[in-house]
Amino acid sequence: MNKKSIDNNLISTLTDIFDHQEENIEKAVRCLKVLAHPARLKIICVLKTGEHSVQQLEEYVGVAQATLSQHLSLLKDRGILTSRRQGNFSLYRIANEEMVNLFDMIERLFCQNQ
């Protein structure tokens, strides 16, 4: 194959992907943007260990409850977290296993001792 046909094939493939995935691309962008905050990454690291209450997260992450609630709300709104009520407590957990896998990868890339 010559260079021109390779480029045209790539352009055609990318056009098909981009045209049919625009909504999903936007969803991914919103999700990744909300993750780009130190407190939110810490929240996810804690929640990788399992379900926790707001009070537990406040202690583990070291963020005031009002600020923590804002972060949790954003993460829940983007589909990263889910919550449930148990008595007077709200319990949060990571919404799906694929998100846990993403954070495992982030941990391997950025948190391993070099």
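The values are calculated or read from the model by the stated rules, or taken from the named source; none is laboratory data. Computed from a prediction, not measured in an experiment: that's the story for all the values here. In this analysis, Cβ positions are derived from the backbone assuming ideal geometry, glycine residues included, and neighbour counts consider all displayed protein chains.
Going through Leu91, Leu57 one at a time, which residue ends up being in a helix (DSSP H, G or I) and without any contact (Cβ under 8 Å) to a residue 60 or more places away in the chain? First the steps, then the outcome.
Details: Leu91 fails: in a helix (DSSP H, G or I).
Within the list Leu91, Leu57, the selection yields Leu57.
Residue-by-condition table, conditions (1) more than 18 Å from Glu107 (Cβ to Cβ); (2) outside the structural domain of Glu107 (by TED's automatic domain parsing); (3) touching a helix residue (DSSP H, G or I) at 6+ places or on another chain (Cβ under 9 Å):
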{"site": "Asp19", "(1), (2), (3)": "yes, yes, no"}
{"site": "Glu23", "(1), (2), (3)": "yes, yes, no"}
{"site": "Glu26", "(1), (2), (3)": "yes, yes, no"}
{"site": "Ile44", "(1), (2), (3)": "no, no, yes"}
{"site": "Val61", "(1), (2), (3)": "no, no, yes"}
{"site": "Gln65", "(1), (2), (3)": "yes, no, yes"}
{"site": "Gln70", "(1), (2), (3)": "yes, no, no"}
{"site": "Ser73", "(1), (2), (3)": "yes, no, no"}
{"site": "Leu81", "(1), (2), (3)": "no, no, yes"}
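Which numbered condition trips up Gly50, out of (1) in contact with a Ser or Thr (Cβ under 8 Å, 6 or more places away or on another chain); (2) loosely packed, with under 12 Cβ neighbours inside 10 Å?
The single condition Gly50 does not satisfy is (1).
Filter the stretch 9-38 for residues that are of a type outside the set (Lys, Arg) and in contact (Cβ under 8 Å) with a residue 24 or more places away in the chain; which is surrounded by the most Cβ atoms within 10 Å (Cβ to Cβ)?
Leu35
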